[in-house]
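Student: Below: one structure in structure tokens.
Laboratory data are not the source of any read-out in this text; all were calculated from the coordinates shown. In this text the structure is predicted, and so the values were computed from the model without any measurement. Cβ sites come from the backbone with ideal geometry, for glycine too, and all protein chains shown count toward neighbours.
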Amino acid sequence: MSEEDVRGGMRDAVAEEPPLDFDPDVLVAAARQQVRRRRALMGVGVATVAVAVAAVALPVALGRLSSQVEAGQGPATTTESTATGSETSPSPSRIQWPAKDVTPVQFPIDKLRARGTDMAAHLREIMPSVLPNASEIEVSEFGGEATGEYYEGQTNVNGAIDFTIDGVRYSILVQTWVPGGANDLVDTACSEGTCRKIGEQDGGVLMAVDQDLGGFVAGGKISAVYHLRRDGAAVEAAAYNYALSGGPKLTKETIPVSVEQLRRLATDTELGL
């Protein structure tokens, strides 16, 4: 059999193949944001969310309709928290960051681990003043996809803060990226929920994102503030309406953490890579 015969046979085999009934670009975008959210949540041990992501990823692999994937994202929502006296912009397209492509900085594992240890210690020191009405504040060890985990080429680390307000447990996730390690962060974050610019600080853009976890965790909500720093690094402080440790156990529809409190964490110079 000649090479031409083989090629002809392959063309005939797919000649009657129906066109794709989904938009590959939409699926790729959805998959990217699922991976990012999975990494953020799995880093603090939320296995339930990982299972939900797997359930969403399966129909993608099977070529289901993109609408089935997008249905799990849920509608965007806002919390009771607002920034006072801050510049706001409802259009994600107005947030231009970074100013140009930044080559990711490579951090060796020992440096990542040392920074994670320092950031956890700093959070234990400042959280009583950041959340003066909270009690039983617990700061986890930082890591990557698992607490305390570090690996070559890692571009971000995260750690969780669990606390109690009015007898209810909540969490804040602090995630930091190396310079150049999150060049697509604006597009990714703004595709997950309502996104707005709330000002600038130290030459970097401040962005607030409110997200309804929808199909991931029924009733789950996140209110986050990002400091998109001038050097291409980024810090996220994200508050949840439940405690991350031990799996999600929903308690309240609103999050008792203000945008200003999240802003204080995101812009803290002691937090970051």
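Student: At 0.36 nm per residue, minus the direct Cα-Cα distance, what do THR194 and VAL105 gain on full extension? Give it in nm, one decimal, please.
Tutor: Gain on extension, THR194 to VAL105, equals 29.1 nm.
Student: Roughly what would the spin-label model give for ARG230 and ASP166, points 7 Å off Cα along C-beta, in nm?
Tutor: Inter-label distance under the simple model: 4.1 nm.
Student: Separate question: Counting only the backbone N, which residues of segment 156-173 are under 13 Å from the spot 7 Å out from the Cα of GLU253 toward its beta-carbon?
Tutor: No residue passes the distance filter.
Student: Okay, moving on. Under the rule a/c < 1.5 gives rounded, and otherwise a/b versus b/c splits prolate from oblate, where does segment 140-222 land using the Cα gyration tensor?
Tutor: oblate
Student: Quick one: grab the alpha carbon gyration tensor of segment 92-266, order the square roots of its eigenvalues as a ≥ b ≥ c, and give me rounded if a/c is under 1.5, else prolate or oblate depending on whether a/b is larger than b/c. If you can, show how the numbers build up before the last one.
Tutor: Numbers: a/c = 1.63, a/b = 1.23, b/c = 1.33.
Oblate shape, in that a/c is at least 1.5 and b/c is the bigger or equal ratio.
Student: Under the Karplus relation 6.51 cos²θ - 1.76 cosθ + 1.60, θ = phi - 60°, what is the ordered set of whole-Hz ³J(HN,Hα) values for segment 206-214, x standing for Gly and Pro?
Tutor: 9, 10, 10, 9, 10, 10, 9, 5, x
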